[in-house]
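Here's the structure, in structure tokens; my notes come after.
Nothing in this text is a laboratory measurement; each read-out follows from the coordinates by a stated rule. Please read all numbers here as calculations on a predicted model, not as lab measurements. Virtual Cβ from ideal backbone geometry, glycine too; neighbours counted across all protein chains shown.
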Amino acid sequence: MKVIAAYLLAVLGGNLSPSAGDLKDILGSVGAEADDGRVELLLSQVKGKDITELIASGREKLASVPSGGGAAAVAAPTSGGVGGGAAPAAEAKKEEKVEEKEESDDDMGFSLFD
């Protein structure tokens, strides 16, 4: 990632075709060491390509990556129309109260520091 960041910094600074030496200078200025193999690999993969097109194609690829299953539960439709939303909230409050009672019963009259 640091080699890619150095490449992007060089391009942002106006150097549209940075060399391996340019990337090493950028990384060296912040005390990071550059792996020659990774620098050469990156430069060979981006040679002759426009950075904005590379970023755009990367965004398209990332858009198709699943990002978790939590959104499906949130997007699920509720039955009962407008008033249906109050019932789950009331159930959640009841569950919280039940949990509090269970926690107080767990110590059974003994304290850890007695």
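Overall form of segment 1-70: prolate. Here a/c, set by the Cα gyration tensor axes a ≥ b ≥ c, is 1.5 or more, and a/b is the larger of a/b and b/c.
Using the average count of surrounding beta-carbon atoms within 10 Å as a protection proxy, the listed peptides 12-20, 36-44 rank, highest first, as 36-44, 12-20.
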